[in-house]
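Notes follow once the structure below has been shown.
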Amino acid sequence: MKKIRILLVTLSILVLLNIVYAEENSVMYLIGEKAAIKAMEELKFEKGDTNILLMTDAGYVPEIEGYTTEKALDGVAITSGASVGKRNLINVHRPYNAPLWFAFFDKESKKCIYLEVNGKAVKTYLDKEDIEGFMKLKDEEIFSKISIENIDADKLLNSPEEWQKKMDAKVFGGNEFSIITIANVWAEDMPWELLRSAEFHNHICPGLTSGYMIAQYLKKELPLGKGEEYQILAVPPWCKDDALQVIFDSTVGKRRMVVKTVKKPVPSDLAGIYIRWNKKEGKGDGIVLTFDWNKLCKDAGTNRTDFKDFKSYKWWWARLKLDLWMMDYLDKPEYLISKAAEFEVDGEMLNKLKTAGVNPLEELGLMPKTKEVVEKEIPVVPKWVYAIIATLLVVTAISIAYAYKKPK
């Protein structure tokens, strides 16, 4: 019996070793490993260093030249020692056709290395699982772009023109804004829920952070009880709604969030309608919130117009500045958030508020209802009237013609 147990344990160990070897014995895994080794050489850090942040779209990008990328995520994480548990691995959400990239940020030196995989160059090795051949490739052959930049927030904010040139040059393959915002806010020890929201949103901006603050406000002012959920009307929609979907699981797909676009001007700084809904009881209570953007911009030393100034550096400069300023107010959401109204709803009212074409602000009395257009009945003109008019026109025309032809 003892020999059988020893045999079973031995077999289990061999199976585990075989699984690990199988993972490492793949080109995709080695792509991630190569990225980590290059970063460790350039930034001079040891495996497991918690001052290092790893950002990558590996795993989210479903394919690179026809191959899925989840093994690359394993390779870069295991080799560098970065992990979700240490809060220094951020899996950045990108679309399916985005390139595979890795970025490492040093919290101390503020240096960041960006590595973008050359898909076409590695395809041959992926096709054949040619590990021996792949290992002979130089880093410059595996990665189409390797860039190292100092992205310290103070430096970027104080010399925005200099960084704008690098943004234009796409030193991080077009991911500059995502990387500089996530890295610098992470360096300020951002909360877990904001980190997860940033992964989904793929960058950090004041709009996303406002969503995090709204979530904290709701937890205090409208906390959920057993069997309750948030029904959210995104009126108007902005980046906040990505954070709310992540934190509350009130997603569009689960029909717990409805996006509403109201054509006429909405109340100033409106930040959505939030309903605490008890499905079993078929009733709920809600609040309408506002977010004071003017106060935020004034206190932080920016202008709201900067957000839309995409012809200069101001669009990213204002966002990065506010990202960092808002970190001091994450646990004080009431500084910027206020209640505009409170109300109660039943099932019929909830469905009406969520129905397409219905303006929930009108239904809740926050906007005057659109006046109904009354169609006046236009009297029908009898056909004989048209006949008389036509006859008169003909007679008039003949009379005019005769008058011109009559000798003078």
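A short reminder: the numbers here are calculations on the coordinates, not readings from a lab. Since we're looking at a predicted model, the values are computed, not measured. Every residue, glycine among them, receives a Cβ derived from its backbone with ideal geometry; neighbour counts consider all protein chains shown.
Here is the link list: Lys280/Lys352; Lys226/Lys339; Lys47/Lys123. Which ones come out longer than 26 Å on Cα distance? Where the Cα-Cα span goes over 26 Å, the pairs concerned are Lys47/Lys123. From least to most packed, judged by other beta carbons within 10 angstrom and beginning with the fewest, Thr302, Thr251, Thr209 follow the order Thr251, Thr302, Thr209. Taking a Cβ cut-off of under 11 Å around Leu289, the surrounding Lys, Arg, Asp and Glu residues balance to a net charge of -3, with basic ones at +1 and acidic ones at -1.
Would you mind checking region 276-304 for residues with the amide N under 14 Å from a putative spin-label position 7 Å along Cα→C-beta of Lys332? Counting backbone N atoms under 14 Å from the label point, the list is 296, 299-300. Of the cross-linked pairs Lys71/Lys107; Lys219/Lys314; Lys170/Lys321; Lys111/Lys219; Lys44/Lys136; Lys107/Lys166, those separated by over 30 Å at the C-alpha level are Lys219/Lys314; Lys111/Lys219. What aspartates and glutamates sit close enough to Lys260 to cross-link, taking a C-alpha to C-alpha distance under 17 Å and skipping anything fewer than 8 places away on the same chain? Partners found: Asp241, Asp242, Asp269, Glu362, Glu363.
In percent, rounded to a whole number, the relative contact order of the chain is 11, using alpha-carbon pairs under 8 Å and six or more apart. With N as its number of residues, region 1-187 has a Cα radius of gyration that, divided by 2.2 N^0.38 Å, comes to 1.15. Normalised by 2.2 N^0.38 Å, where N is the number of residues, the C-alpha radius of gyration of region 203-371 stands at 1.06. Taking 17 Å as the straight-line reach from the Cα of Lys155, the aspartates and glutamates in range (excluding those fewer than 8 positions away in the same chain) are Asp106, Glu108, Glu176, Glu188, Asp323. Extension gain, Ala390 to Glu281: 0.36 nm times the residue separation minus the Cα-Cα distance gives 32.1 nm.
Annotation: the residues Phe105, Phe177, Phe291, Phe200, sorted from fewest to most other C-beta atoms within 10 Å of their own C-beta, follow the order Phe200, Phe177, Phe291, Phe105. Could you please report the charge total around Asn158, scoring K, R as +1 and D, E as -1 over all other residues with beta-carbon less than 12 angstrom from its beta-carbon? Once positives and negatives cancel, what remains is -2. Compared with the dominant Cα axis of the chain, that is its longest principal axis, helix 176-186 is turned about 60°.
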